[in-house]
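Laboratory data are not the source of any read-out in this text; all were calculated from the coordinates shown. Since the model is a prediction, treat every value here as computed from it, not as a measurement. All Cβ positions, glycine included, derive from the backbone under ideal geometry; neighbour counts span all protein chains shown.
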Amino acid sequence: MKTTQSKRIVVVGTSCSGKTSLARKLAQRLKTRHIELDAIHWQPNWTPTPKEEFRGLAQEAIAPEEWVLDGNYSAVRDLVWARATTLIWLNYPFYIVASRALNRTFQRVFQRQVMWSGNRETFRKAFLSQDSILWWVLKTYRRRRREYPRLFQEPQYCHLEIIIFSSPTEAERFLQTIDS
């Protein structure tokens, strides 16, 4: 896949669809840099980076000629998608995303996994809060499925090679085709 068309790849999808895992593996296979927007966005104590600062940091991160990036942030979409050459959408069924969200959340909470900027998911935040990732998945799943096809039709994104995976198996098969 490493052609002139596939120098800058963005992986999008509902939260917990596997964006970061796929992007990381793809970057390794392509021997290029992986950019995780969550790592740029989240500061200590789950404080979001202010929008203009976030945009500046994202702009800096995507300046190189080659990268694989994962993330859905609308605050930087115009920058990221304009610079990308390929977009991969993980358009998985809800049951896959929901089970991944639940498994990932349990794992992060009970293993006290340290994430971006030293943050950790807590039981309270994960299961008893409006800020819960599980609640976020429920709120955004349908929206993403409506939003992305519409965005793909926008003239400013017509340069993108768009690849859509409907299952993790398709994504895994795709990874196997990448020359390392």
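Values for this structure:
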quantity: Answer label, with volume of the Cα convex hull per residue in Å³ calculated from the coordinates and candidates (i) 143; (ii) 116; (iii) 107; calculated: (ii)
quantity: Lysine-lysine proximity count for the chain, Cα under 30 Å, sequence distance 8 or more or distinct chains; calculated: 17
quantity: Between helix 133-152 and the chain: long-axis angle, C-alpha atoms, 0 to 90°, nearest 10; calculated: 20
quantity: Acute angle (nearest 10 degrees) that the helix 19-30 long axis makes with the longest principal axis of the chain, alpha-carbon atoms; calculated: 40
quantity: All Cα pairs of region 20-122, percent lying beyond 17 Å; calculated: 61
quantity: Fraction of beta bridges assigned by DSSP in region 4-175 that are antiparallel (%, nearest 5); calculated: 10
quantity: Charge dipole magnitude, Cβ of K and R +1, D and E -1 - region 4-175, Cα centre, debye nearest 20; calculated: 520
quantity: Which of Asp38, Asp179, Asp131 has the fewest Cβ neighbours within 10 Å, and the rest in rising order; calculated: Asp179, Asp131, Asp38
